[in-house]
Amino acid sequence: MNKKVTTLTIKDMKQQNMPISMITAYDYVMAQNVDEAGIDMILVGDSLGNVVMGYSSTLPVTMEDMIHHTACVTRGAKRALVVGDMPFMSYQESTEQALHNAGRLMKEGGCDAVKLEGGARVCEAVYKMTEAGIPVVGHLGLTPQSVHQFGGFKVQGKNLEKARQLIEDAKALEEAGAFAVVLECVPADLSAEITKALHTAATIGIGAGNQCDGQVLVCTDLLGMSGGFRPKFAKTYADLHADIVGAVQSYIQDVQKRDFPAKEHTFSIDPAVMTALHENK
C-alpha cells in the first residue's frame, strides 16, 4: 500500500482490527529505509536523547533538538504517518505553552502529529491542540519524562488503583481528541483492557503485550545496533552492531595494507598531462 497514512487510516485500522506497525527513527536515511519497508507510523521520539545524543535520560532534549530531527525524518518519509515527540517542559507549564510548541513542531518539523506524555492532567492541552488542527498521540504507563518521579524505569499499573487510573487516563485522552495512545511497560492483560475500553483511539504498545492495536520499537533496538543494554520488551531482528564493527575493522585493515582504494575506486588522468607536469618542474 503506497497511499499516505493519515490519522483516519490509523482509526480505520483499529476498527478493522488490523495491527498497526510503528517504529522510532531519528534521521533521513533511516526514515527512507523504514518507509520503504512499509511501516505505518514513525515516531521521532525524545529517546533520541539516549540513542543519538548519549544522555542518560530524555530530560535534556530541547524543542530545537526535536524540530531538527523531526524535519530530517519527514524529508525521508513519504508514506508513513510521522509523529513528533514533545520534549520535557515543552508543554507542562501551561496549555498556551503546549499549543505554541506543538504548532512549532508541526510547522518547523513537518510532522503529521505530535505526542505528549500524561493522562488527565494534559487533556486540556490535547483538546486545544486537536481543536487547532494538531493531531495528538497520548503516552501512558512508563512515561520516561517522569522517570525520577517513578523512581526508575518500572512497569506501571500493577496494583488496582494504578490500573484503574491508567484506564481512566486513556479514556480521558480519547475524549480530549487523541487518535492514538502509546502504552509503555504496562502489564499485557491491563493493556488489553485499555484497548477494549477505547472506541476510536488506537493503542500502540511497547512492552505492553500483543493485544494492543499496534506495536512500536526503537529502530536501534530492532536492528541490534548497540552492543549495550537492550530492554526485555525489545525483539532484535538483526545484529547490525556486529556487522558494523566487522565492516569498519575490514576497512581499517584495507587502509593499513593499502588495499583501499583499489583501481576501481580511483580516478585517472591522461598520462600526457603528468608528463608535461614533470617536465615543467
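I'd like to check something: does region 201-216 contain any residue that is part of a helix (DSSP H, G or I), more than 17 Å from the chain's Cα centre (by Cα) and within 30 Å of C123 (Cβ to Cβ)?
Checked against the condition, which is being part of a helix (DSSP H, G or I), more than 17 Å from the chain's Cα centre (by Cα) and within 30 Å of C123 (Cβ to Cβ), region 201-216 yields no hits at all.
Go through (1) in a loop (DSSP other than H, G, I, E, B); (2) under 15 Å from the mean Cα position of the chain (by Cα); (3) buried (at least 18 other Cβ atoms within 10 Å of the Cβ) and name the single condition V34 misses.
Condition not satisfied by V34: (1).
Let me confirm something: among G76, G38, G49, which residue is farther than 23 Å from L142 by Cβ, modelled with pLDDT of 95 or more, touching a helix residue (DSSP H, G or I) at 6+ places or on another chain (Cβ under 9 Å) and not hydroxyl-bearing (S, T, Y)?
After ruling out the rest, the residue left standing is G76.
Let me confirm something: among K257, K263, K232, which residue is exposed (fewer than 10 other Cβ atoms within 10 Å of the Cβ) and either in contact (Cβ under 8 Å) with a residue 24 or more places away in the chain or in contact with a Phe, Trp or Tyr (Cβ under 6 Å, 6 or more places away or on another chain) (or both)?
Matching residue, one of K257, K263, K232: K232.
Which ones in region 87-110 are in a helix (DSSP H, G or I) and more than 16 Å from L43 (Cβ to Cβ)?
If the condition is that a residue be in a helix (DSSP H, G or I) and more than 16 Å from L43 (Cβ to Cβ), then T95, E96, Q97, A98, L99, H100, N101, G103, R104, K107, E108 are the ones that fit.
Kindly indicate which of G54, G84, G49 is part of a helix (DSSP H, G or I), assigned by TED's automatic domain parsing to the domain that holds G110 and either among the small types (G, A, S) or on the phi > 0 side of the Ramachandran plot (or both).
G49
Quick one: E175 ticks every box in (1) closer than 22 Å to V44 by Cα; (2) touching a residue at least 40 places away in the same chain (Cβ under 8 Å); (3) in a helix (DSSP H, G or I) bar one, so which box is it?
(1)
The values are calculated or read from the model by the stated rules, or taken from the named source; none is laboratory data. Here the structure is a predicted model, which means the values were calculated and not measured. Note that each Cβ is placed from the backbone with ideal geometry, even for glycine, and that neighbours are counted across all protein chains shown.
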